[in-house]
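These notes are about the structure you will find just below.
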Amino acid sequence: MTQVSWPRPSGRRSRTPLPGSVPPGTVLLPGVIGHATSIVEHPDTIADRIMRFAERVGKQNVVGSADCGFSSQATYAPEIHPQIVWAKFEALAEGARRATTRLW
C-alpha cells in the first residue's frame, strides 16, 4: 500500500486541486485541519472536507490528517499551544467519525 500525504490549505479559497483518482493501493492522507491557526475546526467542517476527497477518490482511499506539523521549524518550538493542538486532533477524530457514518 502506498500512502500519499496531501497537504491542503484549510481556507475556503484554497486553489489546490483535488485529485481525480489515485492508483490502486494508494491511500491519500489529506490535511483537513490547519496547523498555522489556533482556531479549532468544527467536526462537521472536517467531515465535509473528508467527504470531498472520498467522493473523488473513493471512501476506502482516504484517511483524514493534519495539514502539517504544528511547528514551522525543525526545532521543537510549537507556535500553537498544546491544548489547542489536542483540541484540533479531537475535532479531527470526531469529524472522521461523522464522515465514516455518512460514507459507510
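The values are calculated or read from the model by the stated rules, or taken from the named source; none is laboratory data. In this text the structure is predicted, and so the values were computed from the model without any measurement. All Cβ positions, glycine included, derive from the backbone under ideal geometry; neighbour counts span all protein chains shown.
Just a few scattered comments:
- The set of residues in region 32-61 being within 15 Å of Thr101 (Cα to Cα), of a type in the set (Asp, Glu) and at pLDDT 95 or above consists of Asp44, Asp48.
- The single condition among (1) over 16 Å from the mean Cα position of the chain (by Cα); (2) modelled with pLDDT of 90 or more; (3) part of a loop (DSSP other than H, G, I, E, B); (4) not aromatic (Phe, Trp, Tyr) that Ser21 does not meet is (2).
- Residue satisfying all of: in region 64-104; within 18 Å of Leu29 (Cβ to Cβ), modelled with pLDDT of 95 or more and of a type in the set (A, V, I, L, M); nearest to the chain's Cα centre (by Cα) among these: Leu92
- Of the criteria (1) free of Cβ contacts under 8 Å to residues at least 40 places away in the same chain; (2) outside any strand (DSSP E or B); (3) surrounded by 15 or more Cβ atoms within 10 Å (Cβ to Cβ), which one Gly69 fails: (3)
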